[in-house]
Amino acid sequence: MPQDLIRNFSIVAHIDHGKSTLADRVLELTDTVSGREMREQVLDSMDLERERGITIKAQAVRVLWKGHQLNLIDTPGHVDFTYEVSRALQACEGALLLVDAAQGLEAQTLANAYLAIENELEIVPVVNKIDLPQADPDSAAADLAELIGGSPDDVLRISAKTGEGVEGILDAIVERIPAPVGDPEAPARALIFDSSYDQYRGVVAFVRVVDGSFGTRERLRTMALGTRFEAEELGFFSPTMSPTSRLEAGEVGYVITGLKDVSKLRVGDTLTAEAQPAAEPLPGYKDVKPMVFAGLFPTDSDDYPELRDALERLKLSDASLVYEPETSQALGFGFRCGFLGLLHMEIVRERLEREFDLDLLVTAPTVAYRVLTKAGEEVEVHNPAEMPNEIEQIEEPYIRASIIVPREYVGPVMELCNDRRGTFDHMEYLSEERVLLLYELPLAEVVIDFYDQLKSRTRGYASFDYDLAGFSEGALVRVDVLIGGEPVDALSLIAHRDGAYARGKQLVERLREEIPRQMFDVPIQAAIGSRVIARETIKAKRKDVLAKCYGGDITRKRKLLERQKAGKKRMKQVGAVEVPQEAFLAVLNLDGGKR
Amino acid sequence: MTTAAAAGRVRHLYVHLPFCAHRCGYCDFVTVVGRRGSHGSYVDALIGELGLERNLLAPDLETVFLGGGTPTFTDAQELERLLSALPAGREVTVEANPETVTAAVAKQLRSCGVNRVSLGAQSFQPELLRVLERRAGPDAVRSAFYYLRDASFENISVDLLYGIPGQSPSDLDRDLSEALALGPEHLSCYELEAKPGTRFTYRHGAELSRQADAMETYFERVVATLTASGYRWYETANFCLGPDRAGGRDLRARHNLGYWLGRDYLGIGLGAVSTIEGVRRRNTPRLQAYVTAVTAGAPPPRELELLDGHVRSRERLMLGLRLDDPLLLEGVASAIDRTALGRMERLGLVCQTGGSGGPALMLTRRGRMLGGAVTAELLA
């Protein structure tokens, strides 16, 4: 199709603001799929996505409207996937900025809207859910116009649920969003904006052709990674896979690569033809690195092989997941896994438990530290237990957080950010009621229950988004925990020097509550290096006997002891001390409401 | 159920008499309140069941034990009828509640061949006895004891409970010295167990868990006081006069010793348990079902449990470690977790000895205080 008849767009919206419903209406209205055969919300295919109301993997759907080919590129909706969102946006010329008429702008919408504006996309502002009784379309429209610098009259008002105004959107896409302007004669270049893994067909790349064209059976190559393969099949989604012989400049579609390893194909990489390769890749490729790390251990150590297999299989469809074997003296064999962020971690954990039926113990999340040792060696540390002893300098990752709250909660939010070593950057009234706060925060302070705290201090009204702001030096120390004199690797944590004493004290107090009394005194210490900063003692039991045991109740007493023994087997042995697994989660819940 | 080979070998007989005047709040034994009219038919049934099982018993029984319930609450004539129907034994014990022991009852028991009485005193503090819902006051406890002495009982055991809600350390000391003042040959001291589902736990459970820490030292206190007074702490909860004060008699409860040494025993009566040749069986706890079956000449409904070799070793370990005598490793070795044994030895809770009978295990004094936990640890 000639490029001037093509429009590529995505929808930027907050969770629950109606993106998927709008996509459904668009499919119906363009006869791409009939209402009857349509599963509710076609685009979200994974169960998990449907349940959590978020879209993890982007997909693209082609529809026809008044002689034009419209490609709707779905973007993931969460902060952990900012890079993926930016690649999806780069594949478009325009974006619908969709806002709930009752809820107004949210931090996440704002972040993605800025991302769209940075990518020089044409923004079509839309207020959704105007059918709701509590809707305030005028005020939402005014906010939107203010944000993108236009007139409130240009803001479309629709109800994706009833279908009201949706045709107007399709017309606006054709009228307002520019057509692609690649060179159809140049050597072929396509942006890989997403990929997925199919059990039978291998890795599927989602691409936006920028220059030239691609044909079935051509030999292709990715320019950054240099992966070579033959295009087994080309096609587009409408909304199911529709094979085609060629993908032309300006078009969006998929390429079945036949590759068996999803990590061979990176989002943001440029695809070109081997026969006549392009000289330059498309701009913007980044190697995304995981920022949040946690140890995953099977609750039952016999499940280790199952966990390993499950991670291998998950990795096939999730290139951003990284993992390596980890051995903890307390928790046994497991894996240290790297995630893009907290949500990514949650998704991986849920998929492991749900799709692979595993029972997992997840250690407190930590971040990637850059450490310069006294010996002049630079190392990246993903696990507090591996923090070297002789440290010259530690750098930790920082984020730029945008938080939008009703103005009465500004105080509590600022207090929370200050507690978490945040640096205030900027505050802005988005409307009379809603305030945008910008803070720089160490990621380490965010990975442990920051989001929960934010929600509880604002009665759920705060919305939160972040992107990575780079690394800065911090006065950080490793706090070790010793139980009965034995250091417990799984309980080590890295804390700011000023907060180390408080964290250590909290931790040992918590452990004293969690660890049952033993047959001997058990000291619990928190230490920085060889200096003990906090100590508690679990006093030895002085009696533990079955009061009486005669002929009538031997069976019952034996079973009591057998149960007691079985309970001991479920505990982790640290030296001579039996530590229940829950105690290892104490670090995770340290802050739970107490801070 | 029982093999021919077992015939004539069992040397310990237990007889259950379930009747009580009332049910104490903390009790979870098989008991039947009141029902004076049933005593006769119950004793008939006991004698009937004994007839069915008689071939299992050795001609010379080592021990006979009448437990309850409150055996001495049973109608006097019926009790006498039962006692004369039972085979003789070297140790014949009857459990008694103080308020049921009169001079006449004491004499009757003695004349029927009973030579040991276990007296359920529980406490000497009126307030604590009320909490336990016991009917006897401290004076009744003492007079019962003297009636028994007057009837020339030379082996009397006194039961005490500690850890009673509201019991202070000095209350415990008073109970111990009052019991010692009577000079019993034997003492059983139990920590009060708040058993789930009892009325007592419902009423006092919260208070008991509140005072658990404060009462943690009571066990040590009991052991220290009694051993200092010349008693031998021969079993977790049992004490008897030491050899120097016993005139050469072994005053350990020989019937219970049978359990702790893993001997076979026959139990007859309501809810009674027998363990014979690796089979454990429990009679029905329902009075009507029991009496009906046995009156018709059939064994009572029973639950059976087969004890394989492994289970038997575990029980031997569990029971043997309650005693102060070393437990021979032979026969229990397969039940022991060797790593745990090493750990327990290093902690000074267990020691291994090599006596004449071969290598053996013993709990240290502190190990005995933690006997339950140590045993659980040692179980393979």
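The values are calculated or read from the model by the stated rules, or taken from the named source; none is laboratory data. As the structure is a prediction and not an experimental result, all values here were calculated from the model. Cβ atoms come from the backbone with ideal geometry, glycine included; neighbour counts cover every protein chain shown. Please note that ligands, DNA and RNA were not included when accessible areas were found on the heavy atoms of the full protein model with its side chains. Shrake-Rupley method; radii C 1.70, N 1.55, O 1.52, S 1.80 Å.
Side notes on the structure shown:
- Across the range A:477-584, the mean sequence separation of Cα contacts (distance under 8 Å, 6 or more residues apart), normalised by length, yields a relative contact order of 28 percent.
- The Cα-based radius of gyration and maximum Cα-Cα distance (Dmax) for the range B:31-94 are 12.2, 35 Å.
- Under 28 Å from the Cα of A:LYS569 - lysines, other chains or at least 8 residues apart: A:LYS539, A:LYS541, A:LYS543, A:LYS548, A:LYS557, A:LYS559, B:LYS195
- Number of partner chain Cβ atoms within 10 Å, mean per residue of B:187-193: 2
- Computed Rg/Rh of chain B, alpha carbon atoms with Kirkwood Rh: 0.95
- Tail weight of P(r) past 19 Å, computed on alpha-carbon pairs of the range A:477-584, percent: 51
- Chain A, helix-only ellipticity at 222 nm - DSSP H runs n ≥ 4, -39,500 (n - 2.57), divided by all residues, nearest 500: -7500 deg cm²/dmol
- With the charge dipole of chain B set up from +1 on Lys and Arg Cβ and -1 on Asp and Glu Cβ about the Cα centre, the Cα lying farthest toward the positive end among the listed residues B:ALA360, B:GLY267, B:GLY248 is that of B:GLY267.
- Dipole orientation for chain A: of the candidates A:ASN8, A:VAL488, A:HIS426, A:VAL488 has the Cα lying most toward the positive pole (charges on Cβ; Lys, Arg +1; Asp, Glu -1).
- Dipole-positive endmost among A:LEU438, A:VAL574, A:LEU561 within chain A (Cβ charges, Cα centre): A:LEU561
- Restraint check, A:LYS19/A:LYS315; A:LYS129/A:LYS455; A:LYS374/A:LYS455, Cα-Cα greater than 32 Å: A:LYS374/A:LYS455
- Shape class for the range B:226-380: oblate, because the ratio a/c of the largest to smallest gyration tensor axis (alpha-carbon atoms, square roots of eigenvalues) is 1.5 or more and b/c is at least a/b.
- Computed over the protein assembly as shown, the convex hull of the alpha-carbon atoms projects to a mean area of 52.2 nm².
- Counting Cβ atoms of other protein chains within 10 Å of each residue's Cβ and taking the mean over peptide A:560-567 gives 5.
- Cβ-placed point charges (K, R +1; D, E -1), dipole of the range A:189-273 about Cα centre in debye, nearest 20: 240
- Cα shape, the range A:129-277, gyration tensor, a/c 1.5 rule: prolate
- Per residue, in Å², the accessible surface of the protein assembly as shown once ligands and nucleic acids are set aside, probe 1.4 Å: 41
- 10 Å Cβ neighbours from other chains, averaged over peptide A:534-545: 5
- The charge dipole of chain A, taken about the Cα centre with unit charges on the Cβ atoms of Lys, Arg (+1) and Asp, Glu (-1), comes to about 3260 debye, rounded to the nearest 20.
- Over chain B, dividing the summed -39,500 (n - 2.57) contributions of all DSSP H runs of at least 4 residues by the number of residues returns a 222 nm mean residue ellipticity of -11000 deg cm²/dmol.
- For q = 0.15 Å⁻¹, Debye-computed log10 I/I(0) when each Cα of the range B:311-380 counts as one equal scatterer: -0.38
- Using C-alpha pairs under 8 Å with a sequence gap of at least 6, the mean separation divided by the residue count of the range A:292-363 gives a relative contact order of 47 percent.
- Solvent-accessible area lost on pairing A with B (1.4 Å probe, both sides summed) amounts to about 3500 Å².
- The range A:370-474: C-alpha gyration tensor shape, a/c 1.5 cut-off, then a/b vs b/c: prolate
- DSSP-defined antiparallel bridges as percent of all bridges, the protein assembly as shown, nearest 5: 75
- For chain A, complete DSSP H runs whose alpha carbons reach 20 Å or more along their own long axis and whose mean Kyte-Doolittle score is -1.0 or higher are A:304-317.
- For the protein assembly as shown, the carbon plus sulfur part of the accessible surface works out to 49%, probe radius 1.4 Å.
- Chain A: relative contact order as a whole-number percent, Cα under 8 Å and 6+ apart: 10
- Peptides ranked, highest mean first, by Cβ atoms within 10 Å: ranges A:199-208, A:291-300, A:389-398: A:291-300, A:199-208, A:389-398
- Here the calculated FRET efficiency for A:THR240 and A:GLN393, from their Cβ-Cβ distance with R0 = 60 Å, stands at 0.65, rounded to the nearest 0.05.
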